[in-house]
Each structure stands twice: as structure tokens, then as C-alpha cells.
Amino acid sequence: MQNARRFLHQSGGVRLVLQQRAERHLSGSEREEISRGIAAGESARQLARRLGR
């Protein structure tokens, strides 16, 4: 265990990989737009057209 900690300390730790969603997944802002559209009574077609999906 000490060897692993020493190695991580000397090498600068674990590098995080930035996660990216696939294009088919909705972004947070798109989810907010959908929520607002539903609350305003918009149809699914109107929302999709506005979001370009």
C-alpha cells in the first residue's frame, strides 16, 4: 500500500479524464428548456423543433 501511495505522490496523482456525453444525450440546458416548454404547454414537436432535435 505504501508503494502505491508513494508512486501516486511522485507521479502527480491520478489524472482525471474529462467526460463527454454522446451527442444523442441531452445537455443540462436542453433539459431545462424542455422543462420550461412542458410547463408552458408546448408540444413535443415544438420543443424538438426549437432544440433542433
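Given charges of +1 on the Cβ of Lys and Arg and -1 on the Cβ of Asp and Glu, with all other atoms neutral, how large is the dipole of the chain about its Cα centre, in debye to the nearest 20? Walk me through the intermediate numbers first.
On the way: 11 positive and 5 negative charges, 42 e Å.
That gives a dipole near 200 debye.
Let me have the 222 nm mean residue ellipticity of the chain computed from DSSP H runs of 4+ only, each contributing -39500 (n - 2.57), with the sum over all residues rounded to the nearest 500. Mind showing how you got there, number by number?
Working: 3 runs with 30 residues, N = 53.
Calculated from helices alone, the mean residue ellipticity at 222 nm is -16500 deg cm²/dmol.
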Could you give the radius of gyration (one decimal) and Dmax (whole number) of the Cα atoms in segment 7-53, in Å?
18.7, 57
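Bear in mind that the values in this text are calculations on the coordinates, not laboratory data. None of the values given here were measured: they were computed from a predicted structure. Here the Cβ is made from the backbone with ideal geometry for all residues, glycine too, and neighbour counts use every protein chain on show.
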